[in-house]
Number of protein chains: 2
Amino acid sequence: MKVNLLALLLLLFSFAQAEDGYRLWLRYDQLKNASLRTGYESRLATISLPGNSPTLQVARKELEMALSGLLGKMVRIPETRNPQASLQIEKSSARVSAQELTSLGEEGFLIRSTGGKSPLLITANSEVGLLYGVFHFLRLLQTEQSIEKLNIKEVPRLALRMLNHWDNLDRTVERGYAGFSIWNWHTLPTYMDQRYIDYARANASIGINAVSITNVNANATILTQPYLQKVKALADLFRAYGIKVYLTARFSAPVEIGGLKTADPLEPAVQQWWKDKAREIYAIIPDFGGFLVKANSEGQPGPQDYKRTHADGANMLADAVAPFKGKVIWRAFVYSAEVPDDRHKQAYSEFLPLDGKFRSNVLVQVKNGAIDFMPREPFHPLFGALPKTPVMMEFQITQEYLGQGTHLVYLAPLFKECLESDTYQKGKGTTVASTLNGMAGVSNIGTDINWTGHLFGQANWYALGRLAWNHELSAEDIAKEWIRMSFSTDPSLVSDLTQMMLASREILVNYMNPIGLHHIMATGHHYGPGPWVADLNRPEWNPTYYHRADSIGIGFNRTATGSDALSQYHPDAAKKWSDPATCPDIDLLWFHHLPWNFTMRSGRTLWNELCYRYNLGVDSVSWMQTVWNRQQSKLDAQRFEQVKMLLNIQHQEAKWWRDACLLYFQSFSRLPIPAPYEQPAKSLDYYKSLQFPYAPGH
Amino acid sequence: MKVNLLALLLLLFSFAQAEDGYRLWLRYDQLKNASLRTGYESRLATISLPGNSPTLQVARKELEMALSGLLGKMVRIPETRNPQASLQIEKSSARVSAQELTSLGEEGFLIRSTGGKSPLLITANSEVGLLYGVFHFLRLLQTEQSIEKLNIKEVPRLALRMLNHWDNLDRTVERGYAGFSIWNWHTLPTYMDQRYIDYARANASIGINAVSITNVNANATILTQPYLQKVKALADLFRAYGIKVYLTARFSAPVEIGGLKTADPLEPAVQQWWKDKAREIYAIIPDFGGFLVKANSEGQPGPQDYKRTHADGANMLADAVAPFKGKVIWRAFVYSAEVPDDRHKQAYSEFLPLDGKFRSNVLVQVKNGAIDFMPREPFHPLFGALPKTPVMMEFQITQEYLGQGTHLVYLAPLFKECLESDTYQKGKGTTVASTLNGMAGVSNIGTDINWTGHLFGQANWYALGRLAWNHELSAEDIAKEWIRMSFSTDPSLVSDLTQMMLASREILVNYMNPIGLHHIMATGHHYGPGPWVADLNRPEWNPTYYHRADSIGIGFNRTATGSDALSQYHPDAAKKWSDPATCPDIDLLWFHHLPWNFTMRSGRTLWNELCYRYNLGVDSVSWMQTVWNRQQSKLDAQRFEQVKMLLNIQHQEAKWWRDACLLYFQSFSRLPIPAPYEQPAKSLDYYKSLQFPYAPGH
C-alpha cells in the first residue's frame, strides 16, 4: 500500500474519529513513545488469562482492546492457561503466599513484577479482583509508567463504593446537567444500549461496585414486574463488572402499587408486602443490592407519616431484604418545615437518638455537610456521632450548586477536605473518612455524548471512584492520572491542567459563595445568584434565611448565642469555629453574623474582603482561560473548543454572580465597591428580573 | 514502523472508532477497492476551489475531510484559483454556456467531466449550489461510481425543502423517539455543540434549505430577546450551509409576552406588535425564514378565537414579515370537536373557501393525508384543490404511528405513494407532487448518538431530503444510495437491505393497520394497539370512531351513503374508491364499512383476510430478521447488534398488534382465527390492561 502511515493515523483521529469525549478516560490510542511501546510489547509478549466466566471474558476483552490500541498491534489472549506467558493473570496464584492472598480480601489485587525473565503477575481472590487489577495495570500503561519492578497491593478501603442516579422514569434527571437519563426504560430489556456496557466498564475501572439507578424522590412503578424485568437486564450485564444494582424504594409503595390502605411500617400487612416484594425481586435478580430510601424529607412519604421513627421504617425494609443478604441505605437528609430549629441541626437531632436501633444491614447515608452540597461546607456533625450505625458518605458529583453543567470545577479537593476533617469523636485524628462504611456519589452522568456535559465533569466521576477505593490518594495525583489518560502525558500540559483543576473549586467558592456564605443560589433550579429570594413557603428554602444580611452585617450565627449548631460537633472540633478570631476565613459567615466593618485576617473589612473575593474569583476564571488556551497546540480541536466555550460561559457567569451579589449585599452595607474593582454592569433590578423557566435539572 | 497496516486499520475501526452511527451517511472511510481509489486519486490530483467565504470554507473542509478519508491520504485544498487543477470548482464557470448556467437557477449545479485530460468541473450560480455539487460529487465517490464521463445537471424541484422539529424549550420532543432535543437552549448561544455543525452538514448534503426548530404546539418564549439571541447563533452557523431558520409563532404571543389584551389579527395594536416583533427578529437574523403556525387545532390559539379566518391570521403575520422577504407557513391540520362532520373532511371544508385569500408570501402546509400520518392513507383532498395558494407537503419522518423508535420502516415508499397519487385536478396526471411548492418533514432527530434512535431512521431523514430535491427519484434508488454510504457497497448486502427496506412499510401496514384500517393505536402516546379505546372526550380521538367495528362488519363508510368525504376529491380520483368492487384492498376499510363475510379479491372473507394480513405482517418481520442476520459478516458488530435487538422488539410488537387486534375484532365478528395461524398468546383483557405511562414522545 502506498499510504503514508503517519498521515493516515493523523487523519483517522482528526476526522473519522472525532474526539467527542465518549471514551472517557478509557482511551487506548497508540502510545507515542516508541521505545516505551517496544518495551511494553516485549514485556507483554504472551499473556495467560485462563477461564471464560463473564467477568474473565470482560477482563480479557478489555486487555485485548487496550493493548491492541496502546501497542498498535492486534493482541489476542487465549482462554487457556499458559504457564510460560510473560504476563500471568490468575486467581489465587500459587506464586503468592497464602497470607498475602488473604490480606487482599474479596476485592483487592496484587500486581508484581520482579524484573528480568520472571513473569509479571496479576492475582486476586476473586474474578472481580482480577478485573480491578487489569484496569489498574492498564492505567499504568496509559500513564506511561514503568512495569519493570512492580509490587502493587491494592485493597479497597470501603466495601461499598456507589453511584446514586437521580434519574426519573421519564428520563429527566433531577439535578442532571448532561442531557437526560442514560436508562432508556422504554426499550429495555430487549434493547441493550452500548452505553450500558461502557458505563459498566468505566465504573469497574475505578472500583465502583454498586449503583442505585433511580431517583431518591422515588416512583413506585420501578418495583412493578415490567420494570423489574428491565432492571434485571441491567443487573445481568453489570454483574460481570462486579456491580450490584440498588433501587430507590418509595415508602408509600404498598399503598400505590400494593393496594394496601397504609404503609405503616409496624403494620403486619405492610411488612408482609415488602417481604413478598423482596422475594419477588430476588427471584429475578439474585444479587440485588437492596434499597436506597429518602423518607420524610422534602415531601417524600416515610414512617413519620404514621408516627413511627426512621429506624422503624428502615428496619422493616431491612428485615425484608435480610434473608437475601440485601442492604437498606437510609438517607439522613431530612428537615421539616414544622421544626423551627436551624435546618443545619435537624438531621443530627433526629438520627442521634436512633444510634444502635437500626438492623445490622442498614446503612445511614449522610451528605458531606449539614445543609446541602454547598461549594464549601463544614463536615456533617453526624460523622463519627453514630458509633453503632454503619454510615455512608453522600457526595454530589453532579454540580447542582457548583456551576452545574458549564463550570470547570474539580471536586476532589472538596471531597478530600471533608474526608480529612477531624471529627475528634474518638480523639484527635478521627477523620471523617475513618468513620465511614461506604461512599456514594450522586451521578453527573447523562445522555450527552461525552457523558457529563462538561468534559471536566468526567474527572469528578473518576475522582469519586478513586477516593471511594482509597481516600488517601491526593487530589493532585488523581487529577494527574485523569489528565494523562484523558488528554496526554505531555509534562507541561499535565502541569498546567493539574494546577487549573486544583485551583478551580476555590475559584468557584470565591465568585459564588466566599467566606462561608451558602445557599444564595436562585431557588428551584439553583442556577445563578438569588440572594434576594425571600418569598418561598418554607423559611429554609429562602436564601435570606442563610445569609441573614442586614444593615449591621452578614452571616448565620450558629454559635451558642445563635442557633448553637456548633454544639452538635465534638467540642474539640467546634472550638476553632466558635470564635470569629479563630474561625478560618473560609467558614466565617457559616458560623457567625459579623458587622460589615469586621476586620479580616487580610486587614480588609468584611465588606472589602467580600468585594475582593468576588473579584478574585472572576479574575481567576480569566487565568483558567489563559491556562487552557496556552495548551491549545497539545489538544485536539473538538475538545479544546468545547472547553474554551464553556470557560467563556463560566467567565460570564462568574461576573454575573459577583455583580448580582455585591449589588444586593451593598443594599445592606451601603458601602462602595472599592477601586480598582470593576463596577457592576447592570442594576440590581436587572439581575433580579432574570428568569430561567427551562433551566435544566429541575 | 513495524506495524501491520491492515491489522491496525481493522483495530482502529473495531475499537477506537466504534460504529456508533453518529456519522450518518457522511462516512468517509477509505475505499476498499484499491484500483478505484487509485483512479480517483489521479483524477483528483489537484483541486481548485477559490475563495474563502463561509460557504466555500465549508465546502473545502468537507472535500478535504472526505477525500482524505476515502483516498487514505491527506488532501489539502488551497484557497486560490488553479486553472490547471484536475478538479475545478467555481461559480458561474466560463466553461459553461450562459444559457446552461441560467437553467441551473439559484441552487442547481452542474458536474461535468469529458474524460481524458480535461478537468472535472463543478459549477453553479451560487455558493450553496457549489456546496450541493460538492456533496453530490462526494456521494458518487462514496458509492463507487465512475467519474470519468459525467454530465450531471441537478436543479431542485421544490424551492422550500424543510425539516420541522417539534422540539420544546425544555428539550422534550413531541413525537420524538430518539432521545431529546438536540437544541441545548440553556447553553446557547455561547456553547455551540458539535452536533449543530454535523446537523447542518447532513442537511446540506441532501439539499434541505430550511428548518423550523421549535414545536408547532408553540411557546411564545422563543420570541423573546434571550431566545432570539440563541436562535441567531444557530442561524449564523446554518447560513453557511444554505439553511434558513424558521420559528413557530404562538398566535397568542401578543398577549403572553406582549402585554396586549387580545391577539385578534384585525386589531391594529396586534398587527403592530407582530410588525415590531418581525423587525426585531430581522435585525438579529437578517435572513430569518419566517413563521410556521399551527392555529386553532388541538387546543392551540388562533384567529378563530376572535371569529377571524385562517386567512386573517396568516395574512397579518405575512404582512409583518413581507418587508424582509419572510414567509408564513400556515398548517392546514385543523379539526374541531364542535364540528360533528367526519374529521377527514374538516381541513378541506375550512381551507377551500380561503383559496385566493392568502397573501403571496403565505404557504399552506398540508399533511399527506386527511387524518394524521397513518401507516397508509389516501392523499389529502386539499392537494390540487387550492390553485391560487402555494401549498407545502407535510410528511412525518418521525414514526409516531409507524413503530416509533423501534421498528425498521423505510418511509420513501409511503412518501412516493402520496407524491405520485393522481389528484386529477388539472386532468389525468395531476400528481400530488405537481401541485406542491415545498416539502416539509417532521424531524426524527434527537440526542441519541446515532441521531434517530433506530439506525434505519437515518434513511428516512435522507429520503425526505432527496425527494424534496427530486421527487422523481425512486424509493429503491434512494435506499441503495443510503445503504452504500451507510454500510457498504457489497452487492449482496445492498440487494438484501434494499429488499428489506422496500418491503418494510407494507409489512408494518399488515401487522398494524391492514386493509385501510387506521388510527387504532393506543391513545395519547400512540404506542401499541388500542382499537378498544372509546372513552375519550372527543369522538374523533377514539379508535372506535375510525374502525367502526360492529356485529355486521368493520370500516368507515366515507362514500355518499356515509360521511361522503369522497366528494372532496376530484370525481376521477374518487371513482375507484367509491365502490368496494373497484376500491383497492389497501384502502377498503378507509372508505367502506363491509360485512365480516365480504369476499375479498383473494377469495378470502374479510375476516379471514384480516387474520391473513396480520399474520403475514408478523411472518414478514421474521423474514426481515433472517435477511439482516445473513448479512452479519458484512456488518460491524455494534450496528449489527443494535438493529438485531430492535428487530426482536419489532417482532414482539408485531405479534402484540396482531393478537390484540384480532382478539378485539373477534369480539364483534365472533369468528375463529383459522388454522394454521397462531392463536393469541394472552387474553383480550390482558392486552387492554397494558399501560405505558412513560412511553416516549408524548
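For this structure, a couple of remarks:
- Conditions (1) surrounded by fewer than 15 Cβ atoms within 10 Å (Cβ to Cβ); (2) more than 21 Å from B:W596 (Cβ to Cβ): number failed by B:E641: (1)
- Given (1) within 14 Å of chain B (Cβ to nearest Cβ); (2) surrounded by 20 or more Cβ atoms within 10 Å (Cβ to Cβ), index of the condition A:Q691 fails: (2)
- Complete set of residues in region B:667-684 that are of a type in the set (S, T, Y) and either touching a residue at least 60 places away in the same chain (Cβ under 8 Å) or in a loop (DSSP other than H, G, I, E, B) (or both): B:S669, B:Y677, B:S683
- Residue match in region A:84-106 (condition: on the phi < 0 side of the Ramachandran plot and either aromatic (F, W, Y) or within 26 Å of the chain's Cα centre (by Cα) (or both)): yes
- In region B:535-582, the residues that are farther than 30 Å from B:Y424 by Cα and at pLDDT below 95: B:D535, B:L536, B:N537, B:R538, B:P539, B:W541, B:N542
- Region B:192-208, residues that are out of contact with any strand residue (DSSP E or B) (no Cβ under 6 Å at 6 or more places or on another chain) and buried (at least 21 other Cβ atoms within 10 Å of the Cβ): B:Y199, B:A200, B:A202, B:N203, B:A204, B:S205, B:I206
- A single entry from B:G258, B:G207 fulfils the requirement of being under 30 Å from B:A59 (Cα atoms) and away from chain A (no Cβ under 14 Å): B:G207.
- Selection count where residues are acidic (D, E) and either outside the structural domain of B:S669 (by TED's automatic domain parsing) or without any contact (Cβ under 8 Å) to a residue 12 or more places away in the chain (or both), scope region B:510-557: 1
- Evaluation of B:L56 against the conditions (1) in contact with a Ser or Thr (Cβ under 9 Å, 6 or more places away or on another chain); (2) more than 27 Å from B:T489 (Cα to Cα); (3) buried (at least 19 other Cβ atoms within 10 Å of the Cβ) shows that the sole unmet condition is (1).
- Residue selected from region A:221-240 under the condition within 14 Å of chain B (Cβ to nearest Cβ) and in contact with a Ser or Thr (Cβ under 7 Å, 6 or more places away or on another chain), by the criterion surrounded by the most Cβ atoms within 10 Å (Cβ to Cβ): A:I222
- Of residues in region A:87-115 being under 19 Å from A:E144 (Cα atoms) and hydroxyl-bearing (S, T, Y), the one surrounded by the fewest Cβ atoms within 10 Å (Cβ to Cβ): A:T114
- Taken together, the criteria place B:D193 among residues that are within 14 Å of chain A (Cβ to nearest Cβ) and within 18 Å of A:I449 (Cα to Cα).
- Listing of helices (runs of 4 or more DSSP H) fully contained in region B:1-87 that carry 3 or more residues being at the interface with chain A (Cβ under 8 Å from one of its Cβ atoms) and modelled with pLDDT of 95 or more: B:54-71
- Among the residues of region B:543-559, at least one is under 26 Å from the mean Cα position of the chain (by Cα) and of a type outside the set (K, R).
- Some residue of region B:270-282 being among the basic types (K, R), closer than 22 Å to B:T389 by Cβ and touching a residue at least 12 places away in the same chain (Cβ under 8 Å): no
- B:Y348 fulfils the conditions (1) of a type in the set (S, T, Y); (2) at pLDDT 95 or above; (3) assigned to a loop (DSSP other than H, G, I, E, B) except for a single criterion, (3).
- Cβ-Cβ contacts under 7 Å between residues 6 or more apart (or on different chains), taken from a first residue in region B:638-665 that is within 12 Å of another protein chain (Cβ to nearest Cβ) and assigned to a helix (DSSP H, G or I) to a second residue that is of a type in the set (D, E, K, R) and surrounded by fewer than 23 Cβ atoms within 10 Å (Cβ to Cβ), are listed as B:Q638/B:E19; B:Q638/B:D20; B:R639/B:E19.
- Those residues of region A:447-469 which are part of a loop (DSSP other than H, G, I, E, B) and either aromatic (F, W, Y) or more than 14 Å from the chain's Cα centre (by Cα) (or both), in sequence order: A:T447, A:D448, A:I449, A:N450, A:W451, A:G453, A:H454, A:L455, A:F456
- Residue among B:L497, B:L414 that alone is of a type outside the set (S, T, Y), crowded, with 24+ Cβ neighbours inside 10 Å, out of contact with any Leu (no Cβ under 6 Å at 6 or more places or on another chain) and in the same structural domain as B:F395 (by TED's automatic domain parsing): B:L414
- Picking from residues in region B:116-157 that are touching a helix residue (DSSP H, G or I) at 6+ places or on another chain (Cβ under 8 Å) and among the aromatic types (F, W, Y), the one that is surrounded by the most Cβ atoms within 10 Å (Cβ to Cβ) is B:Y132.
- Candidate set from region A:340-383 (those that are of a type in the set (G, A, S) and touching an Asp or Glu at 6+ places or on another chain (Cβ under 9 Å)); member that is surrounded by the fewest Cβ atoms within 10 Å (Cβ to Cβ): A:S349
- Total residues in region B:18-42, condition basic (K, R) and within 10 Å of B:L71 (Cβ to Cβ): 1
The values are calculated or read from the model by the stated rules, or taken from the named source; none is laboratory data. The model shown is predicted, which means the values in this text are computed figures rather than measured ones. For neighbour counting, all protein chains shown are included, and Cβ atoms are generated from backbone atoms with ideal geometry for every residue, glycine included.
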